[in-house]
1. Quick one: net charge around VAL357, please, counting Lys, Arg +1 and Asp, Glu -1 for every other residue with C-beta under 13 Å from its C-beta.
2. Using just the Cα positions, wrap the chain in a convex hull and report its mean projected area in square nanometres, one decimal place.
3. How much mean residue ellipticity at 222 nm does the chain get from its helices, if each DSSP H run of length 4 or more adds -39500 (n - 2.57) and you divide by all residues, to the nearest 500 deg cm²/dmol?
4. Residue by residue through the range 147-161, which ³J(HN,Hα) values in whole Hz follow from phi under the Karplus form 6.51 cos²θ - 1.76 cosθ + 1.60 (θ = phi - 60°), with glycine and proline marked x?
5. Mind checking which lysines have their Cα closer than 17 Å to the Cα of LYS252? Skip sequence neighbours fewer than 8 apart in that chain.
6. Whenever you get a sec, compute what percent of the accessible area on the range 168-278 sits on carbon and sulfur atoms (1.4 Å probe).
7. Of the beta bridges DSSP finds with both residues in the chain, what % are antiparallel, to the nearest 5?
8. If you take the square roots of the eigenvalues of the alpha-carbon gyration tensor of the range 168-278 and sort them as a ≥ b ≥ c, do you get rounded (a/c under 1.5), prolate (a/b over b/c) or oblate?
Amino acid sequence: MSTNSFDVIVIGGGPGGYIAAIRAAQLGFQVACIDEWKNAKGGPAPGGTCTNVGCIPSKALLQSSEHYEQAHHHFADHGIGLKDLSIDVTKMLGRKDTVVKQNNDGILYLFKKNKISFFHGRGAFAGAGEGGYQVTVGEQTLSGKQVIVATGSNARALPGTPFDEESILSNDGALRIGAVPKKLGLIGAGVIGLEMGSVWRRLGAEVTVLEGLPTFLGAVDEQIAKEAHKAFVKQGLKIELGVKVGEIKRGKKGVSVQYTSAKGEAQTLDVDKLIVSIGRVPNTIGLNAEAVGLKLDERGAIVVDDECRTNLPGVWAVGDVVRGPMLAHKAEEEGVAVAERIAGQHGHVNFNTVPWVIYTSPEIAWVGQTEQQLKAAGRAYKAGTFPFLANGRARALGDTTGMVKFLADAATDEILGVHIVGPMASELIAEAVVAMEFRASSEDIARICHAHPSLSEATKEAALAVDKRTLNF
Ligand code: FAD
Ligand code: NAI
């Protein structure tokens, strides 16, 4: 095999791409991974949106800002007094950048460890021949028997309002605001809107979120969304639902947003910075998909079947660039499954058990179906809830907001959905994912011994609640 010939070429080094490359290498293939992301010095920064401007840096800032919030408002409850509490945003951003770099370096190390050839630059299809596909990167042409496209997604801008990343920000600029703005506006009360809104509110900004839909977090179980909404409003996050955003003007002092409120009144929101978080679009810029006839849909996503096969033999696509939820772990699961299918194995992704987490405080996490989905489907179900208020560990932590909610089939008791709003929901949801993957009943969870005192006891109690036999409530 020539140095530029590979069994598998992966285009894109985000969670979908780099994990696919590692799994393919584990299975004995000669693998190349091409990624174009540059760090501040122009060097390689693999890990994609997730590592550079998504999951990792947002969680770093969520942690820093939560520490500040705790110190500012809650340490006193524990008898801890602080004088001269201050924030150094530059240092906070610097720490976040260090965490990102540790992850970039970790991926470069994993490429080496797994003998994956890494190419820094843009990968573009150049043609197809007998031996597979030609892909250019810079001056080089690689050939690969199989190609996995994992080129991710980009932030969606409002029509006529491009991001300048100074006052009108995508997720990228939202993670680089150099000083706490006095007034911050966000358009879109989705995952990014709530997470980034929380970061800057905790640090002292007056935050207003404008949401187009009349319902708050429509994809989340209604009872859970209501509880979360109550908590966010209490914290001081201003959320306006059912608005219609009109003209957006950028001035010397900031940004002015004209909008119509749910009541039909013309309103103006003046802010120092505006984050636009209205969803993301699949990215195939520069991939030269036309050169090989790779089929895209009307949204620009690569068309794939249930197993991530594109219309071209030997070309696969995974992650944000294809249908399905735009989540790092979904991209990773697809990457692993595709590598295994290339090896003739039966890789599988169970879309019914992909968990969602919103890393606000309280955290929101869920897996499976919501109560409104079960009602709409006419499915007979039983519900059980347990509040963290009645959980000893939550009381000791001083964080009793929220609940765990189980939904189970009325006849078989099989768990159909688990929904959590409250402390460490992101960690607690893993038990529910395992349970659903093994098609457990709520009684199975209710009969398992959970450590005391722990937040996971709320999960057990919510399972008990399905059968109306909670022990501590
Ligand atoms: P990406 O991560 O977008 O990676 C694609 C890579 O391909 C990029 O490095 C890009 O530069 C490169 N590329 C593109 N085209 C080419 C080309 N032609 N040649 C070479 N390289 C190319 N998800 C979660 O599960 N949990 C979270 O907490 C979470 N938080 C998020 C927070 C924010 C602010 C954002 C924006 C997203 C968040 N996400 C989160 C979503 C998550 O980041 C994505 O679902 C995930 O990154 C998708 O992985 P991917 O590999 O498909 O694409
Ligand atoms: P989103 O889809 O979560 O939310 C977008 C929101 O904007 C929706 O509520 C939508 O109704 C609203 N909206 C759309 N157009 C609008 C308009 N013109 N005016 C007012 N409101 C409008 O998208 P978001 O927050 O941009 O995040 C993108 C994706 O990134 C998420 O869907 C998720 O897949 C991923 N992500 C995941 C995270 C996690 O797992 N914790 C964290 C952040 C992002």
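1. -1
2. Answer in nm², one decimal: 25.2.
3. It lands at -9500 deg cm²/dmol.
4. 10, 10, 8, 9, 8, x, 8, 10, 5, 8, 8, 6, x, x, 10
5. Here the lysines satisfying the reach criterion relative to LYS252 are LYS182, LYS183, LYS273.
6. Summing carbon and sulfur atoms, their accessible area is 51 percent of the total for the range 168-278.
7. For the chain, the DSSP antiparallel bridge percentage is about 65.
8. It is oblate, given that a/c is not under 1.5 and a/b is not larger than b/c.
The values are calculated or read from the model by the stated rules, or taken from the named source; none is laboratory data. Keep in mind it's a predicted model, so treat the numbers as computed, not measured. Every residue, glycine as well, gets a Cβ built from its backbone with ideal geometry; the counts of neighbours run over all protein chains shown. Only protein heavy atoms, including side chains, enter the accessible area calculation; ligands, DNA and RNA are left aside. Shrake-Rupley method; radii C 1.70, N 1.55, O 1.52, S 1.80 Å.
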